[in-house]
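Before any comments, here is the structure.
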Amino acid sequence: MDQVRNTNMDIEKESTTTFNYSKRAQWLRAAVLGANDGLVSTASLMMGVGAVKHDVKAMILSGFAGMVAGACSMAIGEFVSVYSQYDIELAQMERESGEVEKEKLPSPLQAAAASALAFSAGAIVPLLAAAFVKEYRVRIIAIVVAVTVALVAFGWLGAALGKAPAVRSSARVLFGGWLAMGVTFGLTKLIGLYGL
């Protein structure tokens with residue numbers, strides 16, 4: 001019994017040490033990028049609108065429009081990209097063997113749906129953070145806090161799934177998100193005060 005258990009443990013160790021994490025890179029990149037993009041672009045859009053218009057309705061509507069537009073854009077972009085990959089791989093299979101192995105081909109519809117879903121999952125965070133807060137300053141703080149927590153979580157998740165350093169990944173994602181929100185807020189505030 002102990003010999004069987006030791007053999008199973010050896011197989012488990014071997015499978016974890018020889019697993020190629022770079023194979024996860026394509027779908028992991030798409031999922032983390034989609035969620036992070038939805039989070040940062042929607043939060044930045046809401047912060048930009050909030051810089052010149054303190055109305056909760058304007059911020060929520062701009063965030064919702066950004067979520068829908070971004071999810072559609074990500075889905076269409078992913079569909080076109082993966083469909084191009086599909087065509088190339090299909091042509092290569094036909095050249096090499098004349099046989100098409102459908103299960104080895106990428107799915108453009110699945111990729112498009114996953115991309116739209118990931119974007120929407122990120123975008124919903126600032127929308128929910130702002131939705132129930134009437135007071136302007138508290139709403140801005142709620143968005144920043146919720147987005148900060150989500151940015152750190154997305155950075156950590158990407159690192160954990162790819163077996164990369166978590167602190168560095170989380171910090172990179174966090175500072176990039178803060179920079180996008182800060183620049184959008186600041187430039188919109190400037191244009192709102194002096195440009196219009």
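The values are calculated or read from the model by the stated rules, or taken from the named source; none is laboratory data. If you're wondering where the values come from, they're calculated on a predicted model, not measured in any experiment. The accessibility values were calculated without ligands, DNA or RNA, using every heavy atom of the protein model including side chains. Shrake-Rupley method; radii C 1.70, N 1.55, O 1.52, S 1.80 Å.
Would you list 191, 124, 60 from the most to the least accessible area, probe 1.4 Å?
Largest accessible area first, the list is 191, 124, 60.
Mind grabbing the accessible area of residue 40 for me, 1.4 Å probe, Å², rounded to tens?
Answer for residue 40: close to 20 Å² accessible.
Where the Cα atoms of segment 26-130 are projected onto their three principal axes, how long is each span, largest first, in whole Å?
63, 18, 14
Could I get the Rg over Rh figure for segment 66-196? Both from C-alpha atoms, Rh via Kirkwood, rounded to two places.
On the Cα set of segment 66-196, Rg over Rh gives 1.13.
Over 13 Å, how big is the tail of the calculated P(r) for segment 63-105, in percent of all Cα pairs?
So the pairs more than 13 Å apart make up 62 percent of the total in segment 63-105.
Round to the nearest 10 and report in Å² the accessible area of residue 94, as given by a 1.4 Å probe over the protein chains' heavy atoms.
Ignoring ligands and nucleic acids, residue 94 comes out at about 100 Å².
On the full set of protein chains, 1.4 Å probe, figure out the accessible area of residue 190 and give it in Å² to the nearest 10.
100
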